[in-house]
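Asker: Here's a structure for you.
The values are calculated or read from the model by the stated rules, or taken from the named source; none is laboratory data. Quick caveat: nothing in here was measured; it's all calculated off a predicted structure. In this analysis, Cβ positions are derived from the backbone assuming ideal geometry, glycine residues included, and neighbour counts consider all displayed protein chains.
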Amino acid sequence: MNLLVTGGAGFIGSNFILYWMRTHPEDSVINFDKLTYAGNLENLKEIENLPNYVFIHGDICDTNAVIKALADVDTVVHFAAESHVDRSILESSPFIQTNIVGTHVLLEASLKAGVKRFHHVSTDEVFGSLDIHDSKKFTEATPYDPRSPYSASKASSDHLVRAYYHTYGLPMTITNCSNNYGPYQFPEKLIPLAITNSIEGKKVPVYGDGFNIRDWLYVEDHCRAIDLVLQKGKIGETYCIGGTDQDFNNLTIVKKILSFLGKDESFIEFVKDRPGHDRRYAINWDKIHKELGWKPLHDVDTWLMKTIEWYKNNQQWWRHIKSGEYQTYYKEQYGRNGGKT
Ligand code: NAD
Ligand code: TYD
């Protein structure tokens, strides 16, 4: 395969490229990335000199650059996005631009280039929020009900991808995945923020009552699911991807992190809740299990600990990030007093 991976310098994109080069060394990969605050080529150091890997610094909203990059490509795997809910609440325009307009540019160019597969990487957040006391889970048939600018922009991109399949016959697949964790995740998201703050001896901000629930999946399980969908998935189909059956609320996750790092619960700081904060996400991944044989192989207890170890052993990677523009964002998001209630 000749792949074009958009957003390959971000968290999941870089894990995907590392995974792909390991498991499909005969394939070629072009990494097309704008290198926003979230893109980091250091993630790809170990493969940057391989002859079958190329990096292109480009914006998916730039039609000419995208057309040029697609010249010899048969498969597009589209990760590029603005991905953080809190940033979408502070300023939504970049989300509309990259996630909607950028996806549209990529769809047009992929159609014209005649790619054999356009795979769109999406999120379970498009389905909205589940009740905390309900055992219901999201499936491929759940109606869309996005509630943040981020999830609304991702929902919009999913609709565009489906429209290009039905209207123009673009051979596409979509995956809607739950919250990922693992190495190279930007320390603005809950798990890497909690780990790095704890290592620095800072408090960990927990929104609201801390009882919001996410469905956690180790990033390599997500990469393997996309691989299976690319190899065996049916054109025009959507697959939901999620973690193990256990529900963990944010407080439980933060307590696990603090305890592993030898910190007590006084390091938890309850802060102002996120507006429109989705209460619970949970994914029913029966379809991809039954049709393609996928299931998560990494349990939260073991792999959260391994992720903490990774952040302990790679402090240069995140300390560098936390010393830059991040400081301005952190102050705006959490306020001088950490956004305390
Ligand atoms: P990320 O924020 O870590 O990385 C995004 C990458 O996209 C960065 O490298 C950035 O430079 C690049 N990018 C942004 N705008 C661009 C543009 N206009 N042109 C080219 N490149 C651009 O994001 P992530 O957490 O790795 O998420 C990747 C994808 O997976 C996103 O589409 C996201 O919606 C989806 N997703 C994420 C999760 C999660 O838990 N992180 C879960 C499900 C789905
Ligand atoms: P996040 O990692 O931002 O992912 P998402 O909002 O896309 O699910 O947040 C995960 C959960 O953690 C979510 O319920 C919000 C909460 N959270 C905090 O309590 N404190 C924080 O500082 C952050 C970033 C998130």
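Asker: Quick check, is F118 aromatic (F, W, Y), touching a helix residue (DSSP H, G or I) at 6+ places or on another chain (Cβ under 6 Å), farther than 19 Å from N180 by Cβ and crowded, with 22+ Cβ neighbours inside 10 Å?
Answerer: Values: aromatic (F, W, Y): yes; touching a helix residue (DSSP H, G or I) at 6+ places or on another chain (Cβ under 6 Å): yes; farther than 19 Å from N180 by Cβ: yes; crowded, with 22+ Cβ neighbours inside 10 Å: yes.
So F118 fits the description; yes.
Asker: Taking I47 as the residue in question, decide whether it is modelled with pLDDT of 95 or more and closer than 18 Å to Y164 by Cα.
Answerer: Details: modelled with pLDDT of 95 or more: yes; closer than 18 Å to Y164 by Cα: no.
So I47 does not fit the description; no.
Asker: If you don't mind, there's one more thing I want to ask. Among the residues of region 38-77, count how many are under 20 Å from the mean Cα position of the chain (by Cα), within 17 Å of V121 (Cβ to Cβ) and within 15 Å of ligand 1 (Cβ to nearest atom).
Answerer: Selection size over region 38-77: 6.
Asker: Which residue out of P192, P205 is in a strand (DSSP E or B), near ligand 2 (Cβ under 9 Å from one of its atoms) and farther than 28 Å from A163 by Cα? Steps first, answer last, please.
Answerer: Details: P192 fails: in a strand (DSSP E or B).
Result of the check over P192, P205: P205.
Asker: Moving on to the next point. Could you count how many residues in region 243-269 are of a type in the set (S, T, Y), under 28 Å from K136 (Cβ atoms) and out of contact with any helix residue (DSSP H, G or I) (no Cβ under 7 Å at 6 or more places or on another chain)? Break it down stepwise before answering.
Answerer: Step one: of region 243-269, the residues of a type in the set (S, T, Y) are 244, 252, 259, 266.
Filter again for under 28 Å from K136 (Cβ atoms), leaving 244, 252.
Checking which are out of contact with any helix residue (DSSP H, G or I) (no Cβ under 7 Å at 6 or more places or on another chain) leaves us with 252.
So the count comes out to 1.
Asker: Working only within region 60-86, note down all residues that are more than 16 Å from ligand 2 (Cβ to nearest atom) and aliphatic (A, V, I, L, M). Before you say what the answer is, go through the steps one by one.
Answerer: At the first step, the residues of region 60-86 found to be more than 16 Å from ligand 2 (Cβ to nearest atom) are 60-78, 80.
Correct list: I60, A65, V66, I67, A69, L70, A71, V73, V76, V77, A80.
Asker: Only one of K116, K137, K203 is more than 14 Å from the chain's Cα centre (by Cα), away from ligand 1 (no atom under 16 Å from the Cβ) and more than 30 Å from S266 (Cβ to Cβ). Can you tell me which? Outline the logic, then answer.
Answerer: Values: K137 fails: away from ligand 1 (no atom under 16 Å from the Cβ); K203 fails: more than 30 Å from S266 (Cβ to Cβ).
None of the other options fit; the residue is K116.
Asker: Let me ask another. Looking only at residues that are of a type in the set (V, I, T), free of Cβ contacts under 8 Å to residues at least 60 places away in the same chain and within 16 Å of ligand 2 (Cβ to nearest atom) in region 99-143, which one is nearest to E82 (Cα to Cα)?
Answerer: The qualifying residue nearest to E82 (Cα to Cα) is T123.
Asker: Hey, among the residues in region 81-115 that are among the charged types (D, E, K, R) and more than 20 Å from K189 (Cβ to Cβ), which one's surrounded by the most Cβ atoms within 10 Å (Cβ to Cβ)?
Answerer: Here is the first cut: in region 81-115, the residues among the charged types (D, E, K, R) are 82, 86-87, 91, 108, 112.
So of that shortlist, the ones also more than 20 Å from K189 (Cβ to Cβ) come out as 108, 112.
Numbers: E108: 17, K112: 11.
It comes out as E108.
Asker: Here is a follow-up. Please verify whether I257 is within 16 Å of ligand 1 (Cβ to nearest atom) and touching a residue at least 40 places away in the same chain (Cβ under 8 Å), treating the condition exactly as stated. Talk me through it step by step, then tell me what you get.
Answerer: Values: within 16 Å of ligand 1 (Cβ to nearest atom): no; touching a residue at least 40 places away in the same chain (Cβ under 8 Å): yes.
No.
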